[in-house]
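Reviewing the structure listed below.
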Amino acid sequence: MKLKKLILLSLTLAAIATLGCGGKEGEKTKADLVIISPHPETIKFEFTNAFKRWCKERFDRDVNIEWLDQGGTSDDLRYVRSEFQRSPQGIGIDIFFGGGTSPFLVMAEEGLLQPYKLPDEVLSKIPQNVHGVPIYDPQYRWYGTVLSGFGIMVNKVILSRLNLPNVERWEDLGDPGLLGQVSAADPRKSGSAHMMFELILQSTGWRKGWEIITRLGGNARTFTAGSNEAVKEVSTGQAAYALAIDFYAYTQMNAIGEDKVGYIVPKGCVVYNADSIAILKGAPHLELARKFVQFTMSERGQKLWMLKPSDPEGPEKFSLFRSSVIPSLYDELTGRTIIRINPFKTESIFRYDAEKGGIRWTLVNDLIGAMIIDTHDALVQAWKAVIKGGMKEEALKELVKVPITEDEAMKLARERWKDQAFRNIKITEWTNFAREKYAKAKRMAE
């Protein structure tokens, strides 16, 4: 029955993706609102229908929404920045919806966002931050629509069958016993994957963080295009562990059962990040864009994230499993909400630096791409040799070397990373550095 439920969900999502939410290629209906978003089809479906109903009730207006996606947060951000270089006054897109906070800091810094202050009756219910992490921009250029947690999804059946260890921290994913059992997404394509790698770097320190990421990368069976795909690899038993955003994990737990899969928040790294929304500069449908932002931030919009489809105030078809940015809703919806944890009442010993993460977003992606993903075969072979050789200290030290310090990375990100020619040169240097160190580590291990 659980498998049948999962298959039905997959078929339904495929149908939604095929039909679109109001704007597909060749469709003649003119869009009233154009939104670029890495959000899954479930969210697009629910917010399309709910916003249409809201507009009809309040303004007696029919609305047609066109959704765009270039393949994930990083690709969407890259596309928007590229389009603004071509057309600085506007790119024919109204809203950027989803993808964490860091991309919005980048776009705000580059002047690509249109400020919009929410009505006081909406804004007054939303705190400025959660555990020091900003929920909205002081200049009202972007707003966090929900809070996302990050952790590790596990396949309990595979762990038991293969006698694999339980994990409690990010660094546990670098255990030699997990070889080939970890799944993660490419941060150059997935904003949530980027966030998890950034959390590792910030919570453990630059050099220790790169050691963890390198060993984790050596254990990875593959790097998927999206974090949802990494989670599905765990659900289907292709991997035992995955770096996971909380709502992807909860969706799978709901679909196939908590006796089969689980979700772990890494010790010492409890952090929530706002998944944001913003109006882009030169938005062609500015007034309707403002209404959409207002709706998503209102109690009516926020309840869609937290309630079951069977609830009168909930979504139409899909449970979304997201945490609201309105603290009062957690008490108001007690007994009705599907959200297990109130982020505003959790204790956090780690404070994420969103500004630092935003500044070095692209550089960190490029460094992980060069050092871990594009050289993955060489990394895995070197890691296997190090394990087989008894984890010799010098070989391991060579394996996890990183070509730049954190200070050097920040300086490059601030001063040089918009120079595409320079960036390409450095990426090539790092790729060569990685191949050379993996070859050397393999020789040292044998």
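The values are calculated or read from the model by the stated rules, or taken from the named source; none is laboratory data. These numbers were taken from a predicted model, which means no experiment stands behind them. Virtual Cβ from ideal backbone geometry, glycine too; neighbours counted across all protein chains shown.
Values for this structure:
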quantity: Boolean, Phe197 is assigned to a strand (DSSP E or B) and in contact (Cβ under 8 Å) with a residue 60 or more places away in the chain; calculated: no
quantity: Among (1) in contact (Cβ under 8 Å) with a residue 24 or more places away in the chain; (2) surrounded by 13 or more Cβ atoms within 10 Å (Cβ to Cβ); (3) farther than 22 Å from Gly191 by Cα - the single one Lys388 does not satisfy; calculated: (2)
quantity: Residue match in segment 139-156 (condition: farther than 29 Å from Asn342 by Cα and either assigned to a loop (DSSP other than H, G, I, E, B) or more than 21 Å from the chain's Cα centre (by Cα) (or both)); calculated: no
quantity: Sole exception among (1) acidic (Asp, Glu); (2) surrounded by fewer than 16 Cβ atoms within 10 Å (Cβ to Cβ); (3) assigned to a helix (DSSP H, G or I) for Asp76, by number; calculated: (2)
quantity: Residues that are small (Gly, Ala, Ser), surrounded by fewer than 24 Cβ atoms within 10 Å (Cβ to Cβ) and within 23 Å of Asn163 (Cβ to Cβ), drawn from segment 218-264; calculated: Ser235, Gly237, Gly257, Gly262
quantity: Wholly within segment 307-389, helices (runs of 4 or more DSSP H) carrying at least 2 residues that are in the same structural domain as Asp407 (by TED's automatic domain parsing); calculated: 354-359, 361-368, 376-388
quantity: Residue ID - nearest to Val271 (Cα to Cα), chosen from residues in segment 99-158 that are of a type in the set (Lys, Arg) and in contact (Cβ under 8 Å) with a residue 24 or more places away in the chain; calculated: Lys125
quantity: From Leu113, Leu147, Leu118, Leu179, residue being hydrophobic (A, V, I, L, M, F, W, C) and out of contact with any strand residue (DSSP E or B) (no Cβ under 8 Å at 6 or more places or on another chain); calculated: Leu179
quantity: So Thr431, is it surrounded by fewer than 21 Cβ atoms within 10 Å (Cβ to Cβ) and more than 22 Å from Ser190 (Cβ to Cβ); calculated: no
quantity: Residue in segment 146-164 that is among the charged types (D, E, K, R), at pLDDT below 95 and within 28 Å of Ile213 (Cβ to Cβ) present; calculated: no
quantity: Residue list for segment 254-306, restricted to those being assigned to a helix (DSSP H, G or I), touching a Lys or Arg at 6+ places or on another chain (Cβ under 8 Å) and touching a residue at least 40 places away in the same chain (Cβ under 8 Å); calculated: Ala255, Ile256, Glu299, Trp305
quantity: Verdict on Lys56 being farther than 18 Å from Leu280 by Cα, at pLDDT 85 or above, part of a helix (DSSP H, G or I) and of a type outside the set (A, V, I, L, M); calculated: yes
quantity: Checking Leu159 against (1) surrounded by fewer than 17 Cβ atoms within 10 Å (Cβ to Cβ); (2) outside any loop (DSSP other than H, G, I, E, B), the condition it does not meet; calculated: (1)
quantity: Total residues in segment 395-406, condition assigned to a helix (DSSP H, G or I) and out of contact with any helix residue (DSSP H, G or I) (no Cβ under 6 Å at 6 or more places or on another chain); calculated: 1
quantity: Test for Val293: is it at pLDDT 95 or above, hydrophobic (A, V, I, L, M, F, W, C) and crowded, with 20+ Cβ neighbours inside 10 Å; calculated: yes
quantity: Selected residue (only one of Glu446, Glu398, Glu408, Glu415 is farther than 17 Å from Asp377 by Cα, among the charged types (D, E, K, R) and touching a residue at least 24 places away in the same chain (Cβ under 8 Å)); calculated: Glu446
